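Participant: Right, I'll just put the structure down here and ask away after.
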Amino acid sequence: MKPNTQQLQDLTVQVRRDILRMVHAVNSGHPGGSLGCTEFLVALYQNLMERKEGFDMDGKDEDVFFLSNGHISPVFYSVLARSGYFPVAELATFRKLNSRLQGHPTTHEGLPGIRMASGSLGQGMSVAIGAALAKKLNGDNHLIYSLHGDGELQEGQIWEAAMYASAKKVDNYIATVDVNGKQIDGTTDEVLSLGSLKAKFEAFGWDVLEIKEGNNIEAIIAGMNDAKSRTGKGKPVCVLLYTEMGNGVDFMMHTHAWHGKAPNDEQLAKGLAQNVETLGDY
């Protein structure tokens, strides 16, 4: 039984609390993009992906997800823990010495759910395409998903991978771009304008669709089901997910300031007050 919309919203609020508390506890980390992608990752793991019990690196006979913009690890760790991959209590070790929950995810720590090290941006599409080709070789008709930041698309390796995916008809792959228009030093327009991402990916031979309400769970599920229906038709699929950085915490929204900054005690209290505990804090 898939959870209903209310259950997904309750989980979303709880994940927001986890993000704020994890980043605050060590006075470091990346809350802005994490909050912006909370609804997407909750919907992906709780509704959209076909997942097996347990975790193994081969990921045979199940859908597989790669996080390419690894700095949004707080949301990833929270969703993984609350989806059963490791104990929720372990979230308290985020960014601490000898923790499996490093600031940027790494397979080296053996944390269930982590399939690639993604501190360095721009690499996830290449990794995902390799996994998608392996699925084809294995006769496994499950899908590969990846998530990227829009600022990350300023990395050249992304476009090498994008060209490869269409040339080799990697049509069992859905790449989602978190389009929030912000990166570490300002807006994407100011730093290095991305122009029309839809036109770019279409020029690279992809099937592109847009989810305009990227922080609306029902819109995400509808849009991603549309994306799924477009797989298997000879083209890789790109989803442009329009989100608000810092979503759900009013003072973190409409600014790039919280890309990589932790809230202080007062700000934490304010953020938690806007996201009342639903499923129990760790």
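The values are calculated or read from the model by the stated rules, or taken from the named source; none is laboratory data. Just so you know, these numbers come straight off a predicted model, no measurement behind them. Methodologically, a virtual Cβ is constructed for each residue, glycine included, from the backbone with ideal geometry; neighbour enumeration extends over all protein chains shown.
Participant: Would you call Leu194 of a type outside the set (S, T, N, Q), closer than 19 Å to Val75 by Cα and at pLDDT 95 or above?
Facilitator: Numbers: of a type outside the set (S, T, N, Q): yes; closer than 19 Å to Val75 by Cα: no; at pLDDT 95 or above: yes.
Answer is no for this residue.
Participant: Considering only residues that are in a loop (DSSP other than H, G, I, E, B) and either of a type in the set (A, V, I, L, M, F, W, C) or touching a helix residue (DSSP H, G or I) at 6+ places or on another chain (Cβ under 9 Å) (or both), which ones fall in the stretch 247-262?
Facilitator: The answer is Asn247, Gly248, Val249, Met253, Thr255, His256, Ala257, Trp258, His259, Gly260, Lys261, Ala262.
Participant: Report every pair of residues separated by at least 6 positions or lying on different chains whose Cβ atoms are under 8 Å apart, first residue within the stretch 91-112 and in contact (Cβ under 8 Å) with a residue 24 or more places away in the chain, second of a type in the set (D, E, K, R) and part of a loop (DSSP other than H, G, I, E, B).
Facilitator: Within 8 Å, the pairs are Leu101/Arg95; Gln102/Arg95; Gly103/Arg95; Thr107/Arg115; Leu111/Arg100.
Participant: Only one residue in Leu194, Leu209 is within 30 Å of Thr5 (Cβ to Cβ) and surrounded by 15 or more Cβ atoms within 10 Å (Cβ to Cβ), so which one is that?
Facilitator: Working: Leu194 fails: within 30 Å of Thr5 (Cβ to Cβ).
Step by step, each of Leu194, Leu209 is checked, and only Leu209 is within 30 Å of Thr5 (Cβ to Cβ) and surrounded by 15 or more Cβ atoms within 10 Å (Cβ to Cβ).
Participant: Let me ask something else about it. For the stretch 112-147, what are the residues that are surrounded by fewer than 18 Cβ atoms within 10 Å (Cβ to Cβ) and part of a helix (DSSP H, G or I)?
Facilitator: Within the stretch 112-147, Gly130, Leu133, Ala134, Lys136, Leu137 meet the criteria.
Participant: Would it be correct to say that Gln157 is out of contact with any Cys (no Cβ under 7 Å at 6 or more places or on another chain) and assigned to a loop (DSSP other than H, G, I, E, B)? Quick ask: steps written out before the conclusion?
Facilitator: On the way: out of contact with any Cys (no Cβ under 7 Å at 6 or more places or on another chain): yes; assigned to a loop (DSSP other than H, G, I, E, B): no.
Considered against the rule, which asks whether it is out of contact with any Cys (no Cβ under 7 Å at 6 or more places or on another chain) and assigned to a loop (DSSP other than H, G, I, E, B), Gln157 comes out as no.
Participant: Is it true that some residue in the stretch 131-138 is within 18 Å of the chain's Cα centre (by Cα) and not aliphatic (A, V, I, L, M)?
Facilitator: No, that holds for no residue.
Participant: Return the total of residues in the stretch 228-246 being surrounded by fewer than 22 Cβ atoms within 10 Å (Cβ to Cβ) and either closer than 12 Å to Gly36 by Cα or more than 18 Å from the chain's Cα centre (by Cα) (or both).
Facilitator: Our first condition is that a residue be surrounded by fewer than 22 Cβ atoms within 10 Å (Cβ to Cβ); within the stretch 228-246, this holds for 228-235, 240, 242, 244.
Checking the rest, the ones that are also either closer than 12 Å to Gly36 by Cα or more than 18 Å from the chain's Cα centre (by Cα) (or both) come to 229-235, 242, 244.
The total comes to 9.
Participant: Out of the stretch 194-246, which residues are part of a helix (DSSP H, G or I) and not aliphatic (A, V, I, L, M)?
Facilitator: First pass over the stretch 194-246, keeping only residues part of a helix (DSSP H, G or I): 197-203, 217-229.
Within the stretch 194-246, Lys198, Lys200, Phe201, Glu202, Glu218, Gly223, Asn225, Asp226, Lys228, Ser229 qualify.
Conditions (1) surrounded by fewer than 24 Cβ atoms within 10 Å (Cβ to Cβ); (2) in a helix (DSSP H, G or I), marked per residue:
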| position | (1), (2) |
| --- | --- |
| Leu44 | yes, yes |
| Asp58 | yes, no |
| Phe65 | no, no |
| Phe86 | yes, no |
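Participant: Now for a separate question. Quick check on this structure: which one of Ala257, Ala167, Ala273, Ala199 is farther than 23 Å from Leu153 by Cβ and of a type outside the set (Phe, Trp, Tyr)?
Facilitator: So the residue among Ala257, Ala167, Ala273, Ala199 that is farther than 23 Å from Leu153 by Cβ and of a type outside the set (Phe, Trp, Tyr) is Ala273.
Participant: Another question, then. So if I check each of Gln267, Gln274, Gln183, which one is under 19 Å from the mean Cα position of the chain (by Cα), over 30 Å from Asn141 (Cβ atoms) and in contact (Cβ under 8 Å) with a residue 12 or more places away in the chain? Walk me through how you get there before you give the answer.
Facilitator: Numbers: Gln267 fails: under 19 Å from the mean Cα position of the chain (by Cα); Gln274 fails: under 19 Å from the mean Cα position of the chain (by Cα).
The unique qualifying residue is Gln183.
Participant: Something else now. Name the residue that is farthest from Asp63 (Cα to Cα), counting only residues in the stretch 165-180 that are more than 22 Å from the chain's Cα centre (by Cα) and part of a helix (DSSP H, G or I).
Facilitator: My answer is Ala167.
So that you can scan it fast, the table gives a plain yes or no per residue for (1) touching a helix residue (DSSP H, G or I) at 6+ places or on another chain (Cβ under 7 Å); (2) small (Gly, Ala, Ser):
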| position | (1), (2) |
| --- | --- |
| Leu111 | no, no |
| Met116 | yes, no |
| Gln123 | yes, no |
| Ala132 | no, yes |
| Asn138 | no, no |
| Asn141 | no, no |
| Tyr145 | yes, no |
| Gly151 | yes, yes |
| Glu155 | no, no |
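Participant: Report, by residue number, each residue of the stretch 16-42 that is in a loop (DSSP other than H, G, I, E, B) and touching a helix residue (DSSP H, G or I) at 6+ places or on another chain (Cβ under 7 Å).
Facilitator: Once the filter is applied, which keeps residues that are in a loop (DSSP other than H, G, I, E, B) and touching a helix residue (DSSP H, G or I) at 6+ places or on another chain (Cβ under 7 Å), the stretch 16-42 yields Gly29, His30, Cys37.
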